[in-house]
Amino acid sequence: MLLTGTFIDEISHDIPHQNWGAAEWEKDFLHMKAAGIDTVILIRSGYRRFLTYPSTYLIQKHGCFTPPVDLVELYLSLADKYNMQFYFGLYDSGIYWDTGDLTHEIDDNKFVIEEVWKKYGHHPSFKGWYLSMEISRKTKGATEAFRTLGLQCKQVSGGLPTFISPWIDGKKAVMAANSSITKEDAVSLQEHETEWNEIFEGIKGAVDAVAFQDGHIDYSELEDFFRINKKLADKHGMQCWTNAETFDRDMPIKFLPIKFEKLKLKLDAARRAGYDKAITFEFSHFMSPQSAYIQAHHLYNRYLEYKSTF
Amino acid sequence: MLLTGTFIDEISHDIPHQNWGAAEWEKDFLHMKAAGIDTVILIRSGYRRFLTYPSTYLIQKHGCFTPPVDLVELYLSLADKYNMQFYFGLYDSGIYWDTGDLTHEIDDNKFVIEEVWKKYGHHPSFKGWYLSMEISRKTKGATEAFRTLGLQCKQVSGGLPTFISPWIDGKKAVMAANSSITKEDAVSLQEHETEWNEIFEGIKGAVDAVAFQDGHIDYSELEDFFRINKKLADKHGMQCWTNAETFDRDMPIKFLPIKFEKLKLKLDAARRAGYDKAITFEFSHFMSPQSAYIQAHHLYNRYLEYKSTF
Amino acid sequence: MLLTGTFIDEISHDIPHQNWGAAEWEKDFLHMKAAGIDTVILIRSGYRRFLTYPSTYLIQKHGCFTPPVDLVELYLSLADKYNMQFYFGLYDSGIYWDTGDLTHEIDDNKFVIEEVWKKYGHHPSFKGWYLSMEISRKTKGATEAFRTLGLQCKQVSGGLPTFISPWIDGKKAVMAANSSITKEDAVSLQEHETEWNEIFEGIKGAVDAVAFQDGHIDYSELEDFFRINKKLADKHGMQCWTNAETFDRDMPIKFLPIKFEKLKLKLDAARRAGYDKAITFEFSHFMSPQSAYIQAHHLYNRYLEYKSTF
């Protein structure tokens, strides 16, 4: 199970920016290619007032800031040039994080999807959509939001695929701004299966793949949860991807690159569960040889050694 | 609005030290010059028992530690050599942070000001004083402290200018050791204006410039607060500077370099409000091409690109 | 008082991994040698399910993960090659950190000690044992655990020396995952002496050296505590080492390299108290010229300058 996709973390909730310009981004796409990555996913096209592209709609409607660079154009051009697939991540108003209410995400993204497809849909590398709302089992209204937005993405773009990346409500499911790293009330395997069976039932047809984040459970629990995820995805006709996090959730510094051994354990568990694809959050901070975190340079080397054994 | 000044963060409250020697500091002064900086401000000359210069008074009075290097002499010599202005930041006993009581700062700094002017006043680059007590609207006794110390600095040094750098009591005004990044009870524009009008009234004549820290309010609030600050400064005959923070207050890691777009938003707002000068906290950690934080190297490049457009 | 030993922090509780391979580790042993270090101490051979060597016992008994590299073999080979002494740190089940109960550490390490000596005892650089349970005055059962395990280490290995590295229950004794950096209820000098006198009495003969961690008390308290430690060690026939921490406990980022001046204050205090040896936690993250933390590169240079004055 090798990584073939990565998120691109602009705009960020909680990972400090690297302040790269176009030259650094082009170099990073080349590093990704060398590591076997053929898919890049914009994690979200905007967050609150910050945007990755100059959205007329969002600037007028919400007073969002015009970004200094059109990153969507930049990433799509690089993906065109290097023959990679680009997935567009929807806008995140921030309101859901504060209130749990997803209606704003639905309302705004109706316009964003139209606007973006008109502006960037001609790029040959525009290959899919990422429904960027990060949810877990208790998120009210998630099924309807994914269903509505997934269908609209497909309808606008001639059926391009969509995917989601929810989290498992495990013992490490704590907010980044929380100083602790674990919580008490983790979900059981049984609850996880029951609840996600219901959610998958509701989004079938609107979502083509589900890429659970792999960092919220213990390393010893990976295989059990992964087998359930794969079984549920198969049952509802979806692809089962893993979002192999390359940052370390076990450390008080939130967040630095993961220890290679932990990444290996997670990829190996996904392979044994028969997963379809592995993507990561995310290459440029946590695995790139030009990352601001030097631990990432060594993780890149360890990962290439591992890759060469297949 | 371009940066023409920077703090030098020795001694630090909450930013880990870079362990630079004289060679690295000289290189950094050259990097500053290349970025258009002509003013360096020692953020504080001592903090609790740690000192930047071997102060006979503080070592005898409080058992402060003799520093391995006389940083005040080093910085003044470099400022002399490279034709920059040096502002001396007063001593911070730490007692005010614990108790809110500013009388120790007044008492100790009476001696420090005398001692420092005698020891270093001959340096041609010694151009002013920074009253280092970081206060906001609720700090009892701040007006009297600034008045007393500001007048003394001027009297000792033949009228050299003084400045302060308070914070706006906005939603991001939380302590660094607090794991959260925002609070509920932020100040309103109206309260801000009323309260600072009163403080400015009290310090007029003793303080020549006020450089509000720009990181405690939302990006969408910048312009409104900045216009009030400028209006108040004009009314009381003070210069209005901005302290454009180059670290990111929105991230759980406290603190790494800011995203360039955020710095640009803040500098643009200061320009529109007609501010007189922009300084930053601070160049060497967060913007220097030799910073331990590699994000800073890229911020430097992004900033130079921005600067070249003027 | 110069550093002649360092811990090696694999497996880590709270310091993010650097993802070094064999080449980086060999380079680091050379950097250590250049800084005067002749002793390397594996901080623990395993932590919960993560291991530094493929322990048949721990993999079968607790489902521990087989590590991608046998680090114990790697470190011993490097220590053989570069004529350094290697101390083996015992296994840490993690149960003591959760429950305060040390019986699991005793039970598991009985097998680990046998296994390790059989597997690696032929290495000429295998020179001692580190009893890795980190305790302070209030740890129930610590005396018995140290006594039992210390005697067993010696018996198995023909009397090789053992040491411990407890912490002083000072004002900075807070857990890494806690967002604050100090606490109220610090131990007094008198309590420290009384309680540790009793513990030393109990472990005499089983433990050859005690290396108190030096980071939990204020810099102004160092000398008083160090003199008591030395007096107690002398009284019970043990060597008194200092574990000079090279990370900074005073900063909200937990943890980055220490300011050189602080390290110097701590080493100077240990020298004045007549300590026998100085080790550090730890060279590779916080002091190495190839550390992922660039502050460490400069700390290395500052330390070499200091070292050259002796």
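The values are calculated or read from the model by the stated rules, or taken from the named source; none is laboratory data. Predicted model, so just to flag it, every value in this text is computed and none were measured. Cβ atoms come from the backbone with ideal geometry, glycine included; neighbour counts cover every protein chain shown.
In segment B:192-209, is there at least one residue being at pLDDT 90 or above and under 23 Å from B:ASP14 (Cβ atoms)? Checked against the condition, which is being at pLDDT 90 or above and under 23 Å from B:ASP14 (Cβ atoms), segment B:192-209 yields no hits at all. Hydrophobic (A, V, I, L, M, F, W, C) and free of Cβ contacts under 8 Å to residues at least 12 places away in the same chain: which single residue out of B:ILE279, B:ILE258, B:ILE294 fits that description? After ruling out the rest, the residue left standing is B:ILE294.
Tell me which residues, restricted to segment B:83-140, are of a type in the set (Gly, Ala, Ser) and touching a strand residue (DSSP E or B) at 6+ places or on another chain (Cβ under 9 Å). So that I can check it myself, show each step before the final result.
Start the filter on segment B:83-140 by keeping residues that are of a type in the set (Gly, Ala, Ser), which leaves B:89, B:93-94, B:100, B:121, B:125, B:128, B:132, B:136.
Passing the criteria: B:GLY89, B:SER93, B:GLY94, B:SER125, B:GLY128, B:SER132, B:SER136.
Yes/no per residue for (1) farther than 25 Å from A:THR4 by Cβ; (2) among the acidic types (Asp, Glu):
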{"site": "A:HIS62", "(1), (2)": "yes, no"}
{"site": "A:PRO67", "(1), (2)": "yes, no"}
{"site": "A:GLU105", "(1), (2)": "yes, yes"}
{"site": "A:TRP129", "(1), (2)": "no, no"}
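All conditions but one from (1) modelled with pLDDT of 95 or more; (2) more than 23 Å from C:PHE260 (Cα to Cα) apply to B:GLU105; the one that does not is (1). Please determine, by comparing only the residues of segment C:280-310 that are part of a helix (DSSP H, G or I), more than 10 Å from chain B (Cβ to nearest Cβ) and touching a strand residue (DSSP E or B) at 6+ places or on another chain (Cβ under 7 Å), which one is nearest to C:ASP208 (Cα to Cα). Only one residue tops the list, namely C:PHE283.
Looking at segment A:18-48 only, could you name the residues that are more than 17 Å from A:LEU74 (Cα to Cα) and within 11 Å of another protein chain (Cβ to nearest Cβ)? Scanning segment A:18-48 gives A:TYR47, A:ARG48.
Could you count how many residues in segment A:6-28 are in a loop (DSSP other than H, G, I, E, B) and surrounded by fewer than 19 Cβ atoms within 10 Å (Cβ to Cβ)?
Restricting attention to segment A:6-28, the residues satisfying the condition of being in a loop (DSSP other than H, G, I, E, B) are A:9-21.
Still in the list and also surrounded by fewer than 19 Cβ atoms within 10 Å (Cβ to Cβ): A:14, A:21.
The qualifying residues number 2.
Out of all the residues in segment B:62-98, which are charged (D, E, K, R) and within 14 Å of chain C (Cβ to nearest Cβ)? Scanning segment B:62-98 gives B:ASP70, B:ASP98.
Quick one: count up the residues across segment A:37-96 that are in a strand (DSSP E or B) and of a type in the set (D, E, K, R). Can you show your working first?
Within segment A:37-96, the subset in a strand (DSSP E or B) is A:39-42, A:46-47, A:50-51, A:85-89, A:91-92.
Filter once more, so that each one left must be of a type in the set (D, E, K, R): A:92.
Total satisfying the criteria: 1.
Contact map, segment B:110-133: first residue within 16 Å of B:ILE41 (Cα to Cα), second residue surrounded by fewer than 18 Cβ atoms within 10 Å (Cβ to Cβ) and among the β-branched types (Val, Ile, Thr), Cβ cut-off under 6 Å, separation 6 or more or different chains; pairs are B:ILE113/B:VAL156; B:TRP117/B:VAL156.
Of the residues making up segment C:212-223, not a single one is touching a Gly at 6+ places or on another chain (Cβ under 8 Å), within 14 Å of chain A (Cβ to nearest Cβ) and not in a helix (DSSP H, G or I). Please determine, by comparing only the residues of segment C:36-65 that are under 18 Å from the mean Cα position of the chain (by Cα) and aliphatic (A, V, I, L, M), which one is nearest to A:PHE260 (Cα to Cα). Within segment C:36-65, the match that is nearest to A:PHE260 (Cα to Cα) is C:LEU51.
Per-residue answers, yes or no, for (1) of a type in the set (Phe, Trp, Tyr); (2) within 30 Å of A:PHE50 (Cα to Cα):
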| position | (1), (2) |
| --- | --- |
| B:GLU193 | no, yes |
| B:GLU201 | no, no |
| B:VAL207 | no, no |
| B:ALA211 | no, yes |
| B:TYR219 | yes, yes |
| B:GLU223 | no, yes |
| B:HIS236 | no, no |
| B:CYS240 | no, yes |
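Among residues belonging to segment B:187-230 that are surrounded by fewer than 23 Cβ atoms within 10 Å (Cβ to Cβ) and among the small types (Gly, Ala, Ser), point out the one that is farthest from B:THR162 (Cα to Cα). Checking each candidate, the answer is B:SER220.
Pairing each residue of segment C:184-202 that is more than 15 Å from C:ASP224 (Cα to Cα) with any residue that is assigned to a helix (DSSP H, G or I) and at pLDDT 95 or above, provided the two are 6+ apart or on different chains, yields C-beta distances under 8 Å for C:ASN197/C:LEU232; C:ASN197/C:LYS235; C:PHE200/C:LEU232; C:PHE200/C:ALA233; C:PHE200/C:LYS235; C:GLY202/C:PHE146; C:GLY202/C:ARG147.
Quick check, is C:ALA186 under 20 Å from the mean Cα position of the chain (by Cα) and assigned to a loop (DSSP other than H, G, I, E, B)?
no
Of all the numbered requirements in (1) part of a helix (DSSP H, G or I); (2) over 28 Å from C:ILE113 (Cβ atoms); (3) of a type in the set (Lys, Arg), C:LYS172 misses one, and that requirement is (1). When C:HIS104 is tested against the conditions (1) free of Cβ contacts under 8 Å to residues at least 24 places away in the same chain; (2) more than 29 Å from C:MET175 (Cβ to Cβ); (3) assigned to a helix (DSSP H, G or I), the lone failure is (2). Kindly provide the set of residues from segment C:49-59 that are within 10 Å of chain A (Cβ to nearest Cβ) and touching a residue at least 40 places away in the same chain (Cβ under 8 Å), ordered by number. Listed by number, the list holds a single entry, C:LEU51.
For the residues C:ASP234, C:ASP248, the requirement of being surrounded by fewer than 23 Cβ atoms within 10 Å (Cβ to Cβ) and either in contact (Cβ under 8 Å) with a residue 24 or more places away in the chain or in contact with a Pro (Cβ under 9 Å, 6 or more places away or on another chain) (or both) singles out C:ASP248. For A:HIS62, the conditions (1) out of contact with any Phe, Trp or Tyr (no Cβ under 9 Å at 6 or more places or on another chain); (2) surrounded by 17 or more Cβ atoms within 10 Å (Cβ to Cβ); (3) without any contact (Cβ under 8 Å) to a residue 12 or more places away in the chain all hold with the exception of (3).
Per-residue answers, yes or no, for (1) within 22 Å of A:SER12 (Cβ to Cβ); (2) more than 14 Å from chain C (Cβ to nearest Cβ):
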position: A:PHE111; (1), (2): no, yes
position: A:TRP117; (1), (2): no, yes
position: A:LYS138; (1), (2): no, yes
position: A:THR148; (1), (2): no, yes
position: A:GLN152; (1), (2): no, yes
position: A:PRO161; (1), (2): no, yes
position: A:VAL174; (1), (2): yes, no
position: A:LYS183; (1), (2): no, no
position: A:GLN190; (1), (2): no, yes
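Picking from residues in segment B:124-141 that are in contact with a helix residue (DSSP H, G or I) (Cβ under 7 Å, 6 or more places away or on another chain) and surrounded by 20 or more Cβ atoms within 10 Å (Cβ to Cβ), the one that is modelled with the lowest pLDDT is B:ILE135.
Scanning segment C:261-271 for residues that are touching a residue at least 60 places away in the same chain (Cβ under 8 Å) and surrounded by 24 or more Cβ atoms within 10 Å (Cβ to Cβ) yields one hit, C:ALA270. Look at (1) closer than 24 Å to B:THR6 by Cα; (2) touching a residue at least 40 places away in the same chain (Cβ under 8 Å); (3) hydrophobic (A, V, I, L, M, F, W, C) and you find that B:ILE181 fails only one, number (1).
For segment C:156-169, which positions are assigned to a loop (DSSP other than H, G, I, E, B) and touching a His at 6+ places or on another chain (Cβ under 9 Å)?
Going through segment C:156-169, the residues assigned to a loop (DSSP other than H, G, I, E, B) turn out to be C:157-161, C:165-166, C:168-169.
Of everything in segment C:156-169, those that are assigned to a loop (DSSP other than H, G, I, E, B) and touching a His at 6+ places or on another chain (Cβ under 9 Å) turn out to be C:ILE168, C:ASP169.
Out of segment C:226-279, which residues are within 14 Å of another protein chain (Cβ to nearest Cβ), assigned to a loop (DSSP other than H, G, I, E, B) and not hydroxyl-bearing (Ser, Thr, Tyr)? The answer is C:ASP248, C:ARG249, C:ASP250, C:MET251, C:PRO252, C:ILE253, C:LYS254, C:PHE255, C:LEU256, C:ILE258, C:LYS259.
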